[in-house]
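Engineer: First the structure, which I've put down as structure tokens, then a few questions once you've had a look.
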Amino acid sequence: MSKRDYYEVLGVERGASAAEVKKAYRRLAMKHHPDRNQDNAGAEDLFKEAKEAYEVLTDENKRARYDRYGHAGVDHSPGGSGFGGGGGADAFSDMFGDVFGDIFGGGGRRARSQVFRGADLAYSLDLNLEQAVAGETVTIEVPTMVECEGCSGSGAAEGSSPVDCETCGGIGQVRMQQGFFSVQQTCPACRGSGKTIKDPCGDCSGQGRIRENRKLEVNVPAGVDTGDRIRLGGQGEAGRSGGPAGDLYVEIHVRDHKIFERDGADLACEVPVSFVTAALGGTIKVPTLTGEVTLKVPAECQTGKVFRLRGKGVKPVRGGPVGDLFCRAVVETPVKLSEKQKDLLREFDESLRGHGTRHSPKESGWLDGVKSFFENIGS
């Protein structure tokens, strides 16, 4: 059975470039590879046919002979491999490394030397509540690896430059032959960079980076809370071998406040109310994050009563309405009384008791409950 035309096999024009030939072969190789067509006996023949066409049309000398003489110009000699005199398993393993290495990310013989992205960094930023609510620009100092200025990150001393690694030839990878296949792995000599340094920079000892405390400005948006993170792109560690820098993540921690407690967008605080104001009613001054406001206290106010001040909380960093401020009244018992003040209170207490339980309904109800409790125990 006569062989099909190689150009027809790959589906390319006779004047197709090497890149077009390679692209066509990739498509066919992926389609007909035996491992992907175990139930199709004819797939292996199509795979071998495409592989043979690829080897001939990507070799300038073989392609020239084929274009002039056809298949007769590239027939293998006795003892050859059947692929135009190429070296059997070695020829296929080279081709497998070039084509399938590119497909699966290995890079094959034409792999480029690797660059390495710098590490991401984390920084914990402490803020007080006022800073977190209002937002501001904060200067921080971050220990990190930065590009060495003495060698501009190359790692080589002034007047010299990195050279191609002798082990991998500058491609950053080496191939290990394992029977019919070859396996790509990172070059152990240059660790994938493809370069080695004969005369290292004295400042960074050939690393291309040095450790430095770098000052950065962080724009803290209004409304942040503990656990929020701010990403500063490219402000992490410098990359190696020309790779990009990592990112810096600033994690917010809001310190406890002396007056306010925060719950998302809302704030809460305790407000001391004098005995007289609680009994007769009146007004008191209440602090907020934007200044003092006047709070009206109704007569007969008890400890635990909560007053809600709308819009006096926090505007969330991710949007939404401003929260509220919840003020919990705490009736304050007078302290350090003079004898005259004590006598006045005793007189006042006697006047209250003269009206029975009218003025202390909660106390009376509580005492009745206690009495009932002990009666039940004794019965």
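Engineer: Scan the stretch 43-70 and report the pairs whose first residue is farther than 12 Å from Ala29 by Cβ and whose second residue is basic (Lys, Arg) and assigned to a helix (DSSP H, G or I), with Cβ atoms within less than 6 Å and a gap of 6+ or a chain change.
Structural biologist: Sorted first by the residue in the stretch 43-70, then by its partner, the pairs are Val56/Lys62; Leu57/Arg63.
Engineer: Turning to a different aspect of this structure: Run Gln185 past the list (1) closer than 30 Å to Gly323 by Cα; (2) among the polar types (S, T, N, Q); (3) open to solvent by 60 Å² or more (accessible area, probe 1.4 Å) and report the number of the one that doesn't hold.
Structural biologist: Of (1) closer than 30 Å to Gly323 by Cα; (2) among the polar types (S, T, N, Q); (3) open to solvent by 60 Å² or more (accessible area, probe 1.4 Å), only one is false for Gln185: (1).
Engineer: Read through the list (1) modelled with pLDDT under 95; (2) surrounded by 13 or more Cβ atoms within 10 Å (Cβ to Cβ), then give the number of the only condition that Leu337 fails.
Structural biologist: Checking Leu337 against (1) modelled with pLDDT under 95; (2) surrounded by 13 or more Cβ atoms within 10 Å (Cβ to Cβ), the one that fails is (2).
Engineer: Could you check Asn213 against (1) farther than 30 Å from Leu289 by Cα; (2) open to solvent by 80 Å² or more (accessible area, probe 1.4 Å); (3) in a loop (DSSP other than H, G, I, E, B) and say which number it fails?
Structural biologist: Looking at each condition in turn, Asn213 falls short on (3).
Engineer: Name the residue that is least open to solvent (accessible area, probe 1.4 Å), counting only residues in the stretch 287-328 that are in a loop (DSSP other than H, G, I, E, B) and among the hydroxyl-bearing types (Ser, Thr, Tyr). Lay out the reasoning, then the answer.
Structural biologist: Start the filter on the stretch 287-328 by keeping residues that are in a loop (DSSP other than H, G, I, E, B), which leaves 289-290, 298-305, 310-324.
Narrowing further to those that are among the hydroxyl-bearing types (Ser, Thr, Tyr): 290, 303.
Details: Thr290: 119, Thr303: 76 Å².
By that ranking, first place goes to Thr303.
Engineer: Just to be sure before I move on: is Gly233 farther than 30 Å from Cys151 by Cβ and modelled with pLDDT of 90 or more in the structure I sent? Reasoning before the result, please.
Structural biologist: Values: farther than 30 Å from Cys151 by Cβ: no; modelled with pLDDT of 90 or more: yes.
For Gly233, the condition - farther than 30 Å from Cys151 by Cβ and modelled with pLDDT of 90 or more - is not met.
Engineer: In the stretch 19-104, which helices (runs of 4 or more DSSP H) lie fully inside it and hold 1 or more residues that are among the polar types (S, T, N, Q) and either more than 24 Å from Arg175 (Cβ to Cβ) or modelled with pLDDT of 75 or more (or both)? Let's see the steps before the verdict.
Structural biologist: Values: elements: 41-57, 60-69, 89-103.
Those helices (runs of 4 or more DSSP H) span 60-69.
Engineer: To continue, here is another question. I'd like to know if the stretch 134-150 contains one or more residues that are touching a helix residue (DSSP H, G or I) at 6+ places or on another chain (Cβ under 8 Å) and outside any helix (DSSP H, G or I). Step through it out loud before you land on a result.
Structural biologist: Here is the first cut: in the stretch 134-150, the residues touching a helix residue (DSSP H, G or I) at 6+ places or on another chain (Cβ under 8 Å) are 138.
Retained after the next criterion (residues that are outside any helix (DSSP H, G or I)): 138.
Looking for residues that are touching a helix residue (DSSP H, G or I) at 6+ places or on another chain (Cβ under 8 Å) and outside any helix (DSSP H, G or I), one finds at least one in the stretch 134-150, hence yes.
Engineer: Another one. Check Thr226 against each of (1) farther than 30 Å from Leu127 by Cβ; (2) in a loop (DSSP other than H, G, I, E, B); (3) under 30 Å from the mean Cα position of the chain (by Cα) and name the one condition it does not meet.
Structural biologist: It fails just one condition, (1).
Engineer: Determine if the stretch 194-201 includes at least one residue that is buried (at least 17 other Cβ atoms within 10 Å of the Cβ), assigned to a loop (DSSP other than H, G, I, E, B), touching a strand residue (DSSP E or B) at 6+ places or on another chain (Cβ under 9 Å) and of a type in the set (Ser, Thr, Tyr).
Structural biologist: Going through the stretch 194-201, the residues buried (at least 17 other Cβ atoms within 10 Å of the Cβ) turn out to be 194-197, 200-201.
Subset that is assigned to a loop (DSSP other than H, G, I, E, B): 194, 197, 201.
When the remaining residues are screened for being touching a strand residue (DSSP E or B) at 6+ places or on another chain (Cβ under 9 Å), the result is 194, 197, 201.
Filter once more, so that each one left must be of a type in the set (Ser, Thr, Tyr): none.
No, every residue in the stretch 194-201 fails to be buried (at least 17 other Cβ atoms within 10 Å of the Cβ), assigned to a loop (DSSP other than H, G, I, E, B), touching a strand residue (DSSP E or B) at 6+ places or on another chain (Cβ under 9 Å) and of a type in the set (Ser, Thr, Tyr).
Engineer: Which of the residues belonging to the stretch 239-286 are in a strand (DSSP E or B) and in contact with a Lys or Arg (Cβ under 6 Å, 6 or more places away or on another chain)?
Structural biologist: Step one: of the stretch 239-286, the residues in a strand (DSSP E or B) are 240, 248-254, 261-263, 266-274, 282-286.
Selection gives Tyr249, Glu251, Glu270, Thr283.
The values are calculated or read from the model by the stated rules, or taken from the named source; none is laboratory data. As the structure is a prediction and not an experimental result, all values here were calculated from the model. All Cβ positions, glycine included, derive from the backbone under ideal geometry; neighbour counts span all protein chains shown. We work out accessible area using only protein heavy atoms, side chains counted, and drop any ligands, DNA or RNA first. Shrake-Rupley method; radii C 1.70, N 1.55, O 1.52, S 1.80 Å.
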